[in-house]
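Written out below as structure tokens is the structure these notes cover.
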Amino acid sequence: MIALPDPDNLERLVLKRLLTLMRFRNAYPAFGGEIEIAGGETPETLEIVRRQGDAAAVLRADLAAHTFTVTYRDEATGEMKELAGV
């Protein structure tokens with residue numbers, strides 16, 4: 001049996017960010033395709049790219065600073081945009 005989360009915890013910022021990432025991961029088509037994992041610009045950085053067709057999502061993580069960004073190709077405009085709310 002899976003325990004449901006306490007509804008009060010769903011208002012916590014960290015959980016809101018996690019839910020945003022989970023919804024993006026489940027809905028965006030790039031996650032059904034290829035994956036490429038590479039070092040970033042410095043030894044402390046990591047880049048993970050997911051692609052399928054024209055869809056692309058990129059995670060850039062700075063492991064030393066404990067920060068990351070997620071960008072994706074907007075399906076309507078073709079422009080790379082930063083995923084908000086994470």
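The values are calculated or read from the model by the stated rules, or taken from the named source; none is laboratory data. Treat the numbers as computed from the prediction; the structure is a model and nothing was measured. Please note: Cβ atoms are built from the backbone with ideal geometry, for glycine as well, and neighbour counts cover all protein chains shown.
The table that follows gives values for the structure above.
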{"quantity": "Residue match in the stretch 18-25 (condition: in a strand (DSSP E or B) and modelled with pLDDT of 95 or more)", "calculated": "no"}
{"quantity": "Given (1) modelled with pLDDT under 95; (2) over 16 Å from the mean Cα position of the chain (by Cα), number of the condition G78 does not satisfy", "calculated": "(1)"}
{"quantity": "Given (1) over 18 Å from V86 (Cβ atoms); (2) at pLDDT 95 or above; (3) of a type in the set (S, T, N, Q), index of the condition T71 fails", "calculated": "(1)"}
{"quantity": "Within the stretch 37-86, strands (runs of 3 or more DSSP E) holding 2 or more residues that are surrounded by 13 or more Cβ atoms within 10 Å (Cβ to Cβ) and in contact with a helix residue (DSSP H, G or I) (Cβ under 8 Å, 6 or more places away or on another chain)", "calculated": "45-52, 55-62, 67-73"}
{"quantity": "Extreme residue, nearest to the chain's Cα centre (by Cα), among residues of the stretch 13-34 that are without any contact (Cβ under 8 Å) to a residue 24 or more places away in the chain and surrounded by 12 or more Cβ atoms within 10 Å (Cβ to Cβ)", "calculated": "R25"}
